[in-house]
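Heads up, the thing below is written out as structure tokens.
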Amino acid sequence: MPYVDNSLSVCRVGHYSDLRIGNIIVTLPSVIKSEGRNITVPPLTVIGKNCDERIDTLAWVDGIAISEGLKVNLRRSEKQRKIKLNIEVTSPNVHTAYTLKSLMDGKEVTIYENYEKDRLIEILRSGNHVLVGIDKESKSVEIFCNDVLIKAFGYSLFYYIPLP
């Protein structure tokens, strides 16, 4: 659970296009002071150096800092298809999953298929398609859609599930 200060700023959910080492993914609603007012930032908000809303004072947020040790892999394959998301949360204690579901349900995305599903612990799915899972052997987070919100969700899993 990192501290944030006035050297950082806030990127609202859906208002960022990439994630960088050192960014913080908020995992539970947190209160910070920005531009003279207290605001509550929801899960999947990004806090970093390249965002719009400056943080005024030191605050503690529930979140996870992206580091090189956290492995989130996009599993690409030749077999891909467009689907309309209807996200099913298979790990109900992961709060960021519900934020992602509310933002992404009904959107059309391209997903990659053909992964050894018996190696995965499923976290999110849409219909018969796994969106996010944890590889049992490599202890990494595997995502099957090249979307920045799904990638942010992948990093948020390290807050809930301590993987080596």
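The values are calculated or read from the model by the stated rules, or taken from the named source; none is laboratory data. What you are looking at is a predicted structure, and each value in this text was computed from that prediction instead of being measured. Note that each Cβ is placed from the backbone with ideal geometry, even for glycine, and that neighbours are counted across all protein chains shown. Each accessible area value is taken on the protein alone, full model and side chains, heavy atoms only, with ligands, DNA and RNA left out. Shrake-Rupley method; radii C 1.70, N 1.55, O 1.52, S 1.80 Å.
Remarks
- Residue among ASN146, ASN23, ASN93 with the largest mean-square fluctuation in a Gaussian network model of the chain, springs linking Cα atoms under 10 Å: ASN93
- Using just its DSSP H runs of length 4 or more, each adding -39500 (n - 2.57), the chain gives a mean residue ellipticity at 222 nm of -4500 deg cm²/dmol after division by all residues.
- Placing R0 at 22 angstrom, the Cβ-Cβ distance between ARG119 and ASN93 gives a FRET efficiency of 0.50 after rounding to 0.05.
- Each part gets one Cα centre, and for the range 135-152 versus the range 11-70 those centres are 20 Å apart.
- Subset of LYS82/LYS139; LYS82/LYS151; LYS33/LYS107; LYS33/LYS84; LYS33/LYS139 violating a 25 Å alpha-carbon distance limit: LYS82/LYS139; LYS33/LYS107; LYS33/LYS84; LYS33/LYS139
- Taking every DSSP bridge with both residues inside the chain, close to 90 percent are antiparallel.
- Here the calculated FRET efficiency for SER7 and THR40, from their Cβ-Cβ distance with R0 = 22 Å, stands at 0.55, rounded to the nearest 0.05.
- Each of (1) 49, 34, 27; (2) 91, 39, 26; (3) 49, 30, 23 is a candidate for Cα extents along the principal axes in Å; the one calculated from this structure is (1).
- In angstrom, the C-alpha Rg and Dmax of the range 50-98 are 16.9, 48.
- The C-alpha atoms of the chain define a longest principal axis, and helix 95-104 lies at about 80 degrees to it.
- Among HIS15, HIS95, HIS129: highest mean-square fluctuation, GNM of the chain, C-alpha pairs under 10 Å: HIS15
- Subtracting the Cα-Cα distance of ASP18 and GLU108 from their residue separation scaled by 0.36 nm leaves 30.5 nm.
- Residue among LEU70, LEU58, LEU28 with the largest mean-square fluctuation in a Gaussian network model of the chain, springs linking Cα atoms under 10 Å: LEU58
- Principal-axis analysis of the Cα atoms of the chain puts helix 148-160 at an angle of about 80° to the longest axis.
- Surface accessible to a 1.4 Å probe, per residue, for the residues of the range 81-146, Å²: 50
- Here the accessible area of the range 1-146 is 46 percent carbon and sulfur, with a 1.4 angstrom probe and all protein chains present.
- Checking Cβ-Cβ separations below 4.7 Å across the chain identifies CYS145 as cysteines lacking any candidate disulfide partner.
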